[in-house]
Amino acid sequence: MKTKYIWLIAAMAAFSSCSDDDDSSTMIETPLPELTAGTADFSNYVAVGASFTAGYTDGALFKASQQMSFPNTLSTLFANAGGSSTFSQPLTNDNFGGLALNGDRILEPRLVFGGAGPVPLELALKAPVTVTTDVLLNNPTGPFQNMGVPGAKSFHLLANGYGNISNLSANLANPYFVRMTGSTPDASILEMTVAQNPTFFTLSEIGGNDVLGYATSGGDDSNAITPSATFDYALSTIVDALTANGAKGAVTNVPYITTLPHFTTVPYNPVPMDAATASAVNDGYAEYNGGLSTMVLLGQIDQDEADERTIEFVPSLTNAVVIEDEDLTDLSAFGLPSYRQATSEDLLVLPASSFIGTEVNDDPTKVNGVSVPLKDKWVLIPSELAAINEATDAYNATIAAVVSAKGLALVDLNSVLSQASETGITFDEYTMNTDLVFGGLVSLDGVHLTSRGYALMANKFLEAIDATYGSNFVASKTLATAAVFPTNFSPTLQ
């Protein structure tokens with residue numbers, strides 16, 4: 001019997017050994033291919049663009065965010081394929097964010113997570129901070145390979161004097177660009193970029209600010225959408241200049257604003273109301289509603305518009321706010337303003353979240369969004385959103401055409417953000433979406449990306465570069481790693 005058991009044990013050991021050999025053979029990994037640049041030359045990489053290029057996040061530009069900008073990440077990865085080991089950026093002096101002019105603050109510090117949502121840094125710290133990045137007193141020395149200028153529109157890249165401090169008071173200069181111009185204050189962003197004779201460039205979010213200023217101001221015509229003809233000229237001029245000496249590059253298109261939580265976070269119907277309060281508010285609108293009925297009888301409006309404009313609150317946790325709508329028939333000659341309650345077709349901008357429900361002059365009968373309608377700056381109505389989308393589509397068509405004609409790489413940022421907003425997008429072990437605060441992709445200001453979002457953006461550039469120029473960053477796994485990049489920064493970051 002013992003002999004039998006010894007034989008069985010030996011057989012089992014042999015089987016186990018064979019199994020181990022089989023497992024170990026399957027664990028052998030195929031060696032990664034050696035990284036190649038393909039037909040691209042990364043030896044002198046320069047990035048040009050606006051806020052995304054600069055690394056703007058959480059409502060500000062600060063040193064840590066700049067160091068995690070997508071161009072800085074790309075430069076580090078390009079260094080493995082013949083790129084430079086250095087990448088110059090106009091770093092700020094601190095991690096507070098904001099800007100000062102001769103000691104006076106002109107732009108506010110960054111936002112931080114306050115436990116429930118975004119709050120100003122100083123509120124979280126419960127102490128004032130001194131913004132030390134002063135556009136007059138302590139600007140860095142260029143040239144800068146990161147030519148991202150927050151707030152720049154397409155035509156601003158061509159504008160001489162846009163970085164001249166003497167033009168600030170007339171709102172003809174950009175304080176972020178003032179920091180970069182040094183001894184050539186009248187040089188344009190494009191001129192300073194071309195002067196570096198880049199062999200490779202990225203051009204990001206050109207066209208974004210051309211619609212964003214209008215959108216964030218609730219469709220304010222004083223911050224009008226850039227006409228398509230102006231954008232087309234600016235883009236063609238920029239790309240012609242960047243490619244004149246044979247440089248290759250990658251260009252992003254423009255995302256829809258409806259993929260950004262700045263425009264999708266605040267619901268149109270956030271007003272809770274009990275029966276007594278609803279009755280009181282409805283009494284206040286009784287004369288207005290009665291006037292609408294009279295206008296129908298007089299033939300000034302039809303019943304459908306009267307129904308659209310009629311204001312009625314009910315006992316509920318979800319009453320729609322009251323807004324001004326300039327698209328309604330003008331009845332001011334009859335003493336009737338253009339009021340209606342919001343619908344799901346309206347987009348409220350993110351700052352409205354802290355404004356709705358506040359009292360005017362501490363008067364409890366005058367509540368913003370309820371008895372006091374929200375002014376245009378708080379809301380994008382359907383016609384304004386349609387104008388934004390029309391311009392975005394036109395810009396993207398031009399971008400696609402110019403990129404194709406020049407043989408450049410196209411980074412479809414629009415699709416990336418659309419996917420993230422609809423189903424989420426996977427980055428290593430993380431699934432990110434565009435929800436404010438907790439989505440991981442978009443920062444606390446609701447418009448700009450988190451540092452992890454910018455790292456994902458860097459990888460999307462590399463995918464497009466591989467497809468266009470035959471490099472193999474993706475196949476060789478020369479990519480940004482999600483876990484290295486945070487989704488938020490501590491209030492105590494110094």
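The values are calculated or read from the model by the stated rules, or taken from the named source; none is laboratory data. Just so you know, these numbers come straight off a predicted model, no measurement behind them. Cβ: placed from backbone, ideal geometry, glycine included. Neighbour counts: every protein chain shown. Surface accessibility is based on the protein's heavy atoms, side chains included, excluding ligands, DNA and RNA. Shrake-Rupley method; radii C 1.70, N 1.55, O 1.52, S 1.80 Å.
For the chain, complete DSSP H runs whose alpha carbons reach 18 Å or more along their own long axis and whose mean Kyte-Doolittle score is -0.5 or higher are 2-27, 228-243, 382-406, 451-469. Straight-line cross-link partners of residue 406 among the aspartates and glutamates, defined as a Cα under 13 Å from its Cα and at least 8 positions apart when in the same chain: 240. In a reduced charge model with +1 at each Lys and Arg Cβ and -1 at each Asp and Glu Cβ, the chain shows a dipole moment near 2000 debye about its Cα centre.
Note that region 131-147 has calculated 3J(HN,Hα) couplings of 6, 9, 7, 10, 6, 9, 9, 8, 8, x, 9, x, x, 10, 7, 9, 9 Hz, one per residue in order, obtained from phi through the Karplus relation 6.51 cos²θ - 1.76 cosθ + 1.60 (θ = phi - 60°); glycine and proline are x. Close amide H contacts of residue 88 (hydrogens built in the peptide plane, cut-off under 5 Å, sequence separation of 5 or more or a different chain): 145, 146. In the full protein context, the chain carries 45 Å² of accessible surface per residue, based on a 1.4 Å probe and ignoring ligands, DNA and RNA. Spin-label model, residue 93/residue 477: points 7 Å from Cα along the beta carbon direction are separated by 4.4 nm.
Separation of region 440-494 and region 288-351, taken as the distance between their Cα centroids, equals 45 angstrom. When 106, 206 are compared by accessible area at a 1.4 angstrom probe, the order from most to least is 106, 206. Note on the chain: dipole from Cβ charges, positive end direction compared against 241, 184, 218; the farthest Cα belongs to 184.
A 1.4 Å probe, protein heavy atoms only, puts the accessible area of residue 136 near 90 Å².
Across 61, 493, the residue with the most accessible area heads the list, and the full order at a 1.4 Å probe is 493, 61. Phi angles of region 184-197 translate, via the Karplus equation with coefficients 6.51, -1.76, 1.60 and θ = phi - 60°, into HN-Hα couplings of 10, x, 9, 5, 7, 4, 5, 4, 5, 6, 5, 4, 7, 6 Hz per residue; Gly and Pro are given as x. Restricting region 435-494 to chymotrypsin sites (Phe, Trp or Tyr not before Pro) that sit in a DSSP loop and have at most 13 other Cβ atoms within 10 Å of their own Cβ leaves 438.
Rounded if a/c is under 1.5, else prolate if a/b is larger than b/c, else oblate: which is region 345-494, with a ≥ b ≥ c the root eigenvalues of its Cα gyration tensor? Oblate shape, in that a/c is at least 1.5 and b/c is the bigger or equal ratio.
Expressed as a whole percent, the accessible surface of the chain that belongs to carbon and sulfur atoms is 55, based on a 1.4 Å probe.
Calculated from the structure, Rg/Rh (Cα atoms, Kirkwood Rh) equals which of (1) 1.10; (2) 1.00; (3) 1.34? Among (1) 1.10; (2) 1.00; (3) 1.34, the one calculated here is (1).
Magnitude of the charge dipole for region 154-277, about its Cα centre and with charges confined to Cβ atoms of Lys, Arg (+1) and Asp, Glu (-1), is about 340 debye. Relative contact order, whole percent, for region 302-439 stands at 17, derived from Cα pairs under 8 Å and 6 or more residues apart. Under a 5 Å amide H cut-off, with hydrogens placed 1.01 Å from N, residue 445 pairs with 58, 59 among residues at least 5 apart or on other chains. Treating only the Cβ atoms of Lys and Arg (+1) and Asp and Glu (-1) as charged, compute the dipole magnitude of region 336-494 about its Cα centre; round to the nearest 20 debye. For this selection, approximately 320 debye.
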